[in-house]
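Visitor: Following this message is one structure expressed as structure tokens.
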Amino acid sequence: MEDPKRSKATKTEKSAAAPAKQSAAQGNKKMPLRRCVGCGESKPKKELIRVVRTPEADIILDPTGKKSGRGAYVCRDKACLRKAMKSKRLERSLETEIPADVCESLERELETADENTEK
Ligand SMILES: [Zn+2]
């Protein structure tokens, strides 16, 4: 006898409230992404280092990201910098040729820039 005749209260339970709008914060983070010309990954700007071609046509690292000139980003990683130079992507981004000795000094700069940047 398992038939408790309950008055089946018709559940007119109005499923209240449309689902709260999912916070429109999606993809709204203030984290500017830049693409590394070495590995091609997009990363937060602060994880990359800017290489800039100054108005004087010098190619230098710009740890502050504030120097004027045409810039490109690479990871703070010598391997990426090297890759970026070797693949010519850095040259293309900066629209200039980068002589080997400049490449070398960039690598060296990257090392020292890294030492100066406490995370
Ligand atoms: Zn990279």
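Visitor: For residues that are under 19 Å from the mean Cα position of the chain (by Cα) and either away from the ligand (no atom under 15 Å from the Cβ) or assigned to a strand (DSSP E or B) (or both), scanning just segment 68-78, find the one that is surrounded by the fewest Cβ atoms within 10 Å (Cβ to Cβ).
Guide: It comes out as 70.
Visitor: Let me ask something additional. Would you mind telling me which numbered condition in (1) at pLDDT 95 or above; (2) out of contact with any strand residue (DSSP E or B) (no Cβ under 7 Å at 6 or more places or on another chain) residue 25 fails?
Guide: (1)
Visitor: Among the residues of segment 35-61, write down those that are away from the ligand (no atom under 16 Å from the Cβ) and crowded, with 19+ Cβ neighbours inside 10 Å.
Guide: Selection gives 52, 53, 59.
Visitor: Since residue 61 meets every condition but one in (1) part of a helix (DSSP H, G or I); (2) in contact (Cβ under 8 Å) with a residue 40 or more places away in the chain, which condition does it not meet?
Guide: The failed condition is (1).
Visitor: Follow-up question, since we're still on this one. Quick check: is even one residue across segment 79-88 among the polar types (S, T, N, Q), assigned to a strand (DSSP E or B) and within 15 Å of the ligand (Cβ to nearest atom)? Quick ask: steps written out before the conclusion?
Guide: Kept after step one, since they are among the polar types (S, T, N, Q), are these residues of segment 79-88: 87.
When the remaining residues are screened for being assigned to a strand (DSSP E or B), the result is none.
No; the residues of segment 79-88 include none that is among the polar types (S, T, N, Q), assigned to a strand (DSSP E or B) and within 15 Å of the ligand (Cβ to nearest atom).
Visitor: All but one of (1) modelled with pLDDT under 95; (2) in a strand (DSSP E or B) hold for residue 113, so report the exception by its number.
Guide: Among (1) modelled with pLDDT under 95; (2) in a strand (DSSP E or B), the lone unmet condition for residue 113 is (2).
The values are calculated or read from the model by the stated rules, or taken from the named source; none is laboratory data. Note that this is a predicted model, so its numbers are computed, not measured. Counting neighbours? That spans all protein chains shown, and the Cβs are built from the backbone with ideal geometry, glycine included.
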